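Student: There's a structure below that I have some questions on.
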Amino acid sequence: MVGSTPRLRLSSSPQPAPPTRVATPSADSPATPPAPGPSLMAIVFWAYLTGVALFTGWTVVGFVRVRRIVRRAVDIGDDALDATTSQLAGKLGVRRKVRVLVSSDVAAPFCAGVLSPSILLPRDLLAYPDRVRMVIAHELAHIARHDHLWTALVAVVRVFCYCHPGFYVAR
């Protein structure tokens, strides 16, 4: 019949399966044994993991050093400066209480702390009271923009993306 669909033919006897070819080494093509030692992928993987471990250690040591400096620092102890800091923080929209600390271990002012931010000032800066207010305003601007959180995030990302050259260009 032309134009009709083909019908399945059911038979009671099963059809034999076609023979399968099994690859066997012949005299013309000897089987090559796998190369001794680790594969290139394994070497790359372990090299990457070694880098992750080194950058993790470097990052942890950096965080511990900053934490130690913050713990050793002393409160500035100036009520007028604390009031000025609170006033500037309110203007910049910083809701958390920011501690202003002084340390002889730092050469330049910076802010630190993810959960409770602190501003660390070098002890030498206290000799210039007119600059202290500007420096505190500058560091509060960093806290208002959450730069201390971004810095911590970049440090964590650097641990895993250390081998990508674009990371160092973007930094």
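The values are calculated or read from the model by the stated rules, or taken from the named source; none is laboratory data. These numbers were taken from a predicted model, which means no experiment stands behind them. All Cβ positions, glycine included, derive from the backbone under ideal geometry; neighbour counts span all protein chains shown. Just the protein is used for accessible areas: all its heavy atoms, side chains included, with ligands, DNA and RNA removed. Shrake-Rupley method; radii C 1.70, N 1.55, O 1.52, S 1.80 Å.
Student: Can you pull out every residue in the range 58-102 that is under 16 Å from MET134 (Cβ atoms), assigned to a loop (DSSP other than H, G, I, E, B) and over 31 Å from the mean Cα position of the chain (by Cα)?
Tutor: Residues satisfying the conditions are ILE76, ASP78.
Student: Restricting the range 104-117 to residues that are open to solvent by less than 50 Å² (accessible area, probe 1.4 Å) and in contact with a helix residue (DSSP H, G or I) (Cβ under 6 Å, 6 or more places away or on another chain), which is nearest to ALA155 (Cα to Cα)?
Tutor: Ranking the candidates gives ALA112 first.
Student: Could you grab me the full set of residues in the range 137-147 that are touching a strand residue (DSSP E or B) at 6+ places or on another chain (Cβ under 6 Å) and either open to solvent by less than 40 Å² (accessible area, probe 1.4 Å) or of a type in the set (D, E, K, R) (or both)?
Tutor: GLU139, ILE143
Student: How do the pairs read when you match residues in the range 43-61 that are touching a residue at least 60 places away in the same chain (Cβ under 8 Å) and over 9 Å from PHE160 (Cα atoms) with residues anywhere that are of a type in the set (Ser, Thr, Tyr) and surrounded by fewer than 11 Cβ atoms within 10 Å (Cβ to Cβ), using Cβ under 8 Å and keeping only pairs 6 or more apart or on different chains?
Tutor: Nothing qualifies.
Student: A follow-up question, please. Of the numbered conditions (1) within 15 Å of ASP147 (Cβ to Cβ); (2) at pLDDT 90 or above, ARG96 satisfies every one except a single condition; which is it?
Tutor: Unmet condition: (2).
Student: Is it the case that some residue within the range 67-78 is closer than 23 Å to ALA155 by Cα, touching a Pro at 6+ places or on another chain (Cβ under 8 Å) and open to solvent by less than 70 Å² (accessible area, probe 1.4 Å)?
Tutor: Within the range 67-78, not a single residue is closer than 23 Å to ALA155 by Cα, touching a Pro at 6+ places or on another chain (Cβ under 8 Å) and open to solvent by less than 70 Å² (accessible area, probe 1.4 Å).
Student: Would you mind telling me which numbered condition in (1) under 30 Å from PHE45 (Cβ atoms); (2) open to solvent by less than 90 Å² (accessible area, probe 1.4 Å) PHE160 fails?
Tutor: Condition not satisfied by PHE160: (2).
Student: With respect to LEU125, is the statement that it is over 22 Å from LEU153 (Cβ atoms), open to solvent by less than 70 Å² (accessible area, probe 1.4 Å) and either part of a helix (DSSP H, G or I) or polar (S, T, N, Q) (or both) true?
Tutor: Against the criterion (over 22 Å from LEU153 (Cβ atoms), open to solvent by less than 70 Å² (accessible area, probe 1.4 Å) and either part of a helix (DSSP H, G or I) or polar (S, T, N, Q) (or both)), LEU125 qualifies.
Student: Right, here's the next one. In this structure, is ARG131 farther than 30 Å from PHE45 by Cβ, open to solvent by 50 Å² or more (accessible area, probe 1.4 Å) and in a helix (DSSP H, G or I)?
Tutor: For ARG131, the condition - farther than 30 Å from PHE45 by Cβ, open to solvent by 50 Å² or more (accessible area, probe 1.4 Å) and in a helix (DSSP H, G or I) - is met.
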